[in-house]
Amino acid sequence: MLDIWRLVVAPNPVLDDVVRDGLLVQSAQASRLSSLAALPLSFVVLAVLAADGAARGEILPWVALVLLVMVLYLAGVGRFVVGSQDRRPYAERLRIFVLFQVLAGGAWGMLPVIVTPVPGHTTTVSVSASVITLTAAANAIFSSPTPRPWAAFHVMTLLVGSAGLVRHGEYGVAALNGLTLLAAFPLARYTYQQVARARLVARHNGLLAQDLRAEREAVERVNLQLSEANTELRHQATRDPLTRLPNRTLFFDHLERSLRHGRRHHTPVAVIYFDLDKFKAVNDTLGHGAGDDLLVQVADRTGAVLRSPDLLARLGGDEFVVLTHDYDAGDGPQAATQVAERVRAVLAVPFDLGGNLVTVSGSLGVALDEPGLSAEDLVERADMALYRAKQLGRDRVCEYGPDLNWSLPAVES
């Protein structure tokens with residue numbers, strides 16, 4: 001009991017506007033719900049007093065008054081207090097709620113004022129006291145989260161009801177009935193403190209959860225930005241900035257994996273190395289911008305004639321390399337040579353460089369994988385075959401073979 005009393009006399013929690021508004025709406029909703037008890041309770045009172053001999057002409061007006069106030073209360077509190085929190089300020093809604101509580105409290109307290117006790121019977125007095133006590137207790141339970149409306153209902157019920165009891169000479173009952181205000185006060189204050197603290201804790205937890213969600217979303221955004229930045233960096237680190245083709249690093253990574261896969265599954269792997277004949281002349285006559293445009297068009301054309309498993313990369317300058325694999329082992333070097341011939345054919349078609357039709361050709365070298373070769377060895381063999389194609393007059397495809405004669409004089413690119 002001592003612990004409960006300490007809770008009752010403890011200071012009220014300091015509430016922010018959101019919690020205070022929430023308590024007002026909660027009190028109004030709960031009070032509207034409890035007012036629905038007026039219908040069955042008023043008919044019980046009617047039946048009990050009528051059976052005791054009380055005049056129906058006095059009981060029915062009180063029942064009608066209670067039911068009318070119940071309808072007005074449900075409609076008015078619902079419209080102006082519960083349903084208007086976005087339109088009316090808190091202070092105005094609180095005043096309206098207090099006025100409706102005064103009206104309801106007065107209606108319930110009117111029972112001993114309107115109904116005259118039957119001589120020799122105490123039923124009317126007992127019922128009147130019980131009704132006042134019950135409604136005050138219900139109000140303490142349902143409306144106490146907002147103290148001012150609770151006090152308005154409670155005080156109005158007790159004042160009007162006690163006045164009716166005194167009118168009939170029931171001073172002791174009136175005094176005893178007045179004590180309910182003192183008895184209900186600690187209960188109402190305890191309920192208010194518990195509900196208010198619970199709402200305040202929920203409010204703080206909600207704000208904390210909101211802050212945590214905001215921080216998590218911020219972290220997720222940063223992680224997403226970092227992931228996108230890392231993806232972009234990886235893309236830039238493995239792509240040629242001009243043609244957007246794989247660069248040397250990415251090409252050799254694919255080639256090494258293809259060699260391991262081909263040797264494990266006995267499928268051939270070939271490399272086609274090619275560059276553009278007289279590319280330097282395009283740069284010298286039309287400028288480096290035209291040369292860059294030519295390299296981009298070469299990348300687009302070459303990629304269009306390759307098979308889906310093939311990989312085209314730019315190693316630098318006008319040097320390109322194709323990784324071709326996943327073809328039938330029985331096709332031998334002819335499959336890779338056919339791919340190279342398709343590339344040579346599209347390079348022979350004139351290019352439109354800023355309105356100038358320029359005809360270039362390509363020299364291509366083909367090398368097939370053999371046991372014991374590294375990725376660098378295979379590319380070097382394809383480069384040797386390319387060099388032989390240039391020695392033999394350019395615009396041709398040359399396959400690597402051990403009988404290549406490297407005694408011919410060097411040639412320009």
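Laboratory data are not the source of any read-out in this text; all were calculated from the coordinates shown. Since the model is a prediction, treat every value here as computed from it, not as a measurement. For neighbour counting, all protein chains shown are included, and Cβ atoms are generated from backbone atoms with ideal geometry for every residue, glycine included.
Measure out, as a whole number of angstrom, how far apart the alpha-carbon centroids of the stretch 245-303 and the stretch 167-201 sit.
Value for the Cα centre distance between the two parts: 91 Å.
Expressed as a rounded percentage, what relative contact order does the stretch 344-386 have, with Cα pairs under 8 Å and six or more residues apart?
Working: 41 pairs, mean separation 14.1, N = 43.
Normalised by residue count, the contact order of the stretch 344-386 is 33 percent.
If you fit an axis through the alpha-carbon atoms of helix 288-305 and take the longest principal axis of the Cα set of the chain, what angle between them do you get, 0 to 90°, nearest 10?
So the inclination is approximately 80 degrees.
Roughly speaking, what is the stretch gain from residue 284 to residue 215, that is 0.36 nm per residue apart minus the C-alpha to C-alpha distance, in nm to one decimal?
Gain in length upon complete extension: 19.1 nm.
Determine, from the Cβ-Cβ distance of residue 187 and residue 21 and an R0 of 25 Å, the FRET efficiency 1/(1 + (r/R0)^6), rounded to the nearest 0.05.
Here the calculated transfer efficiency is 0.55.
Stretched out fully, how many nm does the piece from residue 44 to residue 202 gain, at 0.36 nm a residue minus the Cα gap? Don't skip to the end; give the middle numbers.
Working: separation 158, 0.36 × 158 = 56.88 nm, distance 4.04 nm.
Extra length available between residue 44 and residue 202 comes to 52.8 nm.
Pairing the Cα long axis of helix 38-52 with the longest principal axis of the chain, what angle in degrees results, from 0 to 90 and rounded to the nearest 10?
20
So, in nm, how far is label residue 29 from label residue 159 when the simple model puts each one 7 Å beyond its Cα toward the Cβ?
The answer from the label model is 3.1 nm.
On alpha-carbon atoms, Rg over Rh for the stretch 2-211 using Kirkwood Rh? Intermediate results must be reported in sequence, preceding the final value.
Values: Rg = 18.8 Å, Rh = 18.1 Å.
With Rg and the Kirkwood Rh in hand, the quotient comes to 1.04.
Give me the number: length gained by fully extending residue 263 to residue 134, i.e. 0.36 nm times residue separation minus the C-alpha to C-alpha distance, one decimal in nm. Can you show the working numbers first?
Working: separation 129, 0.36 × 129 = 46.44 nm, distance 9.28 nm.
Full-extension gain reported as 37.2 nm.
Compute the separation of the alpha-carbon centres of the stretch 32-103 and the stretch 349-397 and state it in Å as a whole number.
97
Could you check the simple spin-label distance between residue 292 and residue 359, using points 7 Å along Cα→Cβ, in nm with one decimal?
Inter-label distance under the simple model: 2.9 nm.
When the Debye formula is applied to the Cα atoms of the chain, each taken as the same point scatterer, what base-10 log of I(q)/I(0) results at q = 0.07, 0.10, 0.15 Å⁻¹?
-0.55, -0.77, -1.23
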